[in-house]
Every structure is written in structure tokens, then in C-alpha cells.
Amino acid sequence: MKFLRFLSQHGTSYGFKEGETVLEIHENDYLSPEPEVIGEHKLPDVNILPPVEPSKVVCVGLNYRDHAAELGMEIPEEPVIFLKPPTAVTGHLDSIVYPEMSSEVDYEVELAAVISRRARKVKREDADEFIAGYTVLNDVTARDLQRRDGQWTRAKSFDTFCPMGPFIETSVDPHVLDISLELNGEIRQSSNTSNMIFQVPELLEFISHIMTLEPGDVIATGTPPGVGQMMPGDRVRAMIEGVGVLENRVVG
């Protein structure tokens, strides 16, 4: 099922997508396997929100073999992680704001796992019990600031630097999915999640032994090769097979 949050006349609403229809459900039924339908909307008529409001977004650096090869870097022995703040989160069709202090802002398409319940010291074989589903994420990065600072916090944390959505897909194998990104209609990134160095259960085990993950938190699983710059006026489409298409425009 493809679950989503959206704006209605009653404020923030919850539902799931069937074709071009959004079936509205109670908030308590969000991500449930058998939600009760209480309303119906046409998909083009709703304003889609980010699918969750995470307390944190945990990102993984250098997690695709083909990306490591592209950069001439060795395969890491354990995941390299960093955080994006919840204030960076924005949704499908929202704008990515190009910050004045940067002149080199990059796109990075990523598969993101959404946490379903509190996760602490989870074993990898139990990972499915803690993952609600998957969504598309763009780990926007001010690359010049990343190089200048020598660490990643400022470069990754600007408001709007974490577009995600539009949906949470609950029934998909995360390790066999085509993943790609278009910039102004031209493919710039293209790979498959089978190229991940550390798969989702390993990442959940590693991260949950460091920090407690709360329901709605997100693990962004790394980006494939082809990372590059965006400029104001550009249209970015991040796509993952079976999960969805996340589209945003860059504004000055």
C-alpha cells in the first residue's frame, strides 16, 4: 500500500493511494494493513505533505559500490552516518531553496526506510518488525560548505534540504529496486539498490545500537553514482521503482 499525508479542509489528513484516488483514513490507521476508509479524494486535488514528521533523519554516506568506484574510494568497513534535522524536511512538489551562502548545491536520490515503532538495539533479523515501509528522499547537500567545514552538519541541514515522499510503500523488497534521478528531464543518476554495501537490516541494527529510533524517524540509505549540481530554476525528479517519484523545483 502507498500511504500519504495530505492537506484537506480539516487540516492534516491521512490516507492511501489507489490509482488516482486517495482514500482517507483515521490517523490511528496510518500505516495499518487494514485501515478504515472514511473519505475519498482525487489525487490531483490534494496537497501532499511529507509522509512523516521525523524526530531525526539518519543518513548513510558512501553506501553504493558503484558510487565508491566512481569516487575511487575504498569500501567502508562499517556504515558512515550523519543526521539531518527535522526542519530540513519538505514534501513532494515543494521548493528546494538555494541558500545564499553556497554556490554548489547537489542532489542525491536515496531510498529511505520509515521506522514504525521505537527501535533500540534491534537485531538485523528482526528489522522488518520495526520498518513501516519505504519512501523516496533527496539528500540535498551544499558541497562547497561540506568541503570548507570538514564535517557535514551545515552542508546537510538547510531548511528544505530533505525532500521526501510522496508516499510510504509498505510492500516492496528494498534490495532489488531501480533508483534514478532526472535533472530537467535528463537522467543523472541510475543504479539499483542491490548495489548497496550495507543493506537495510544491517543499517537498522548498526544505528539502533547507537541511538534510539522513534516512530516516524527515517533512515536514508545512501546515494548511487552521478551526484551533481542543481541551480535555481532546475526541476529534479527522484525515482525509485515501486516506491514513487519525488519532484521538486529549485528556487533562489
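The values are calculated or read from the model by the stated rules, or taken from the named source; none is laboratory data. This one's a predicted model, so the numbers in the text were calculated from it and none came from an experiment. Cβ: placed from backbone, ideal geometry, glycine included. Neighbour counts: every protein chain shown. Just so you know, the surface numbers come from the protein's heavy atoms only, side chains and all, with ligands and any DNA or RNA stripped out. Shrake-Rupley method; radii C 1.70, N 1.55, O 1.52, S 1.80 Å.
At-a-glance table
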| item | result |
| --- | --- |
| Probe 1.4 Å, protein heavy atoms only - accessible area per residue of segment 120-234 in square angstrom | 39 Å² |
| Relative packing of peptides 85-95, 161-171, 114-124 - highest average C-beta neighbours within 10 Å first | 161-171, 85-95, 114-124 |
| Whole-number D in µm²/s for segment 7-116 (Stokes-Einstein; Kirkwood sum over Cα pairs; 20 °C, 1.002 mPa s) | 123 µm²/s |
| Of all accessible heavy-atom area on segment 24-129, the percent that carbon and sulfur account for (1.4 Å) | 46 percent |
| Evaluated at q = 0.21 Å⁻¹: base-10 log I(q)/I(0), Debye formula over Cα of segment 86-162 | -0.93 |
| Calculated FRET efficiency for the pair VAL80/ARG120, C-beta based, R₀ 22 Å, to 0.05 | 0.55 |
| Max mean-square fluctuation residue, GNM over the chain, Cα-Cα springs under 10 Å, options GLU129, GLU182, GLU53 | GLU129 |
| FRET efficiency, 1/(1 + (r/R0)^6) with R0 45 Å, evaluated for ASN47 and MET73 via beta carbons | 0.65 |
| Label-to-label distance, nm, for residues given as GLN151 and VAL251 (7 Å Cα→Cβ offset) | 3.2 nm |
| Shape call, the chain: gyration tensor on alpha carbons, a/c limit 1.5 | oblate |
| Selection from PHE16, THR160, VAL176, by position along the positive dipole direction of the chain (Cβ) | THR160 |
| Segment 172-252: radius of gyration over Cα atoms, expressed as a fraction of 2.2 N^0.38 Å | 1.26 |
| Computed [θ] at 222 nm, helices only, for the chain once each DSSP H run of length n ≥ 4 contributes -39500 (n - 2.57) | -2500 deg cm²/dmol |
| Two-site FRET efficiency, THR12 against THR87, from Cβ-Cβ distance with R₀ of 25 Å, rounded to 0.05 | 0.90 |
| Relative contact order, percent, segment 55-123 [alpha-carbon distance under 8 Å, six or more residues apart] | 31 percent |
| Neighbourhood charge, 13 Å Cβ-Cβ cut-off, centred on ASN138 and excluding it, Lys, Arg +1 and Asp, Glu -1 | -2 |
| Carbon and sulfur %, accessible surface of segment 180-252 computed with the full protein complex present, 1.4 Å | 48 percent |
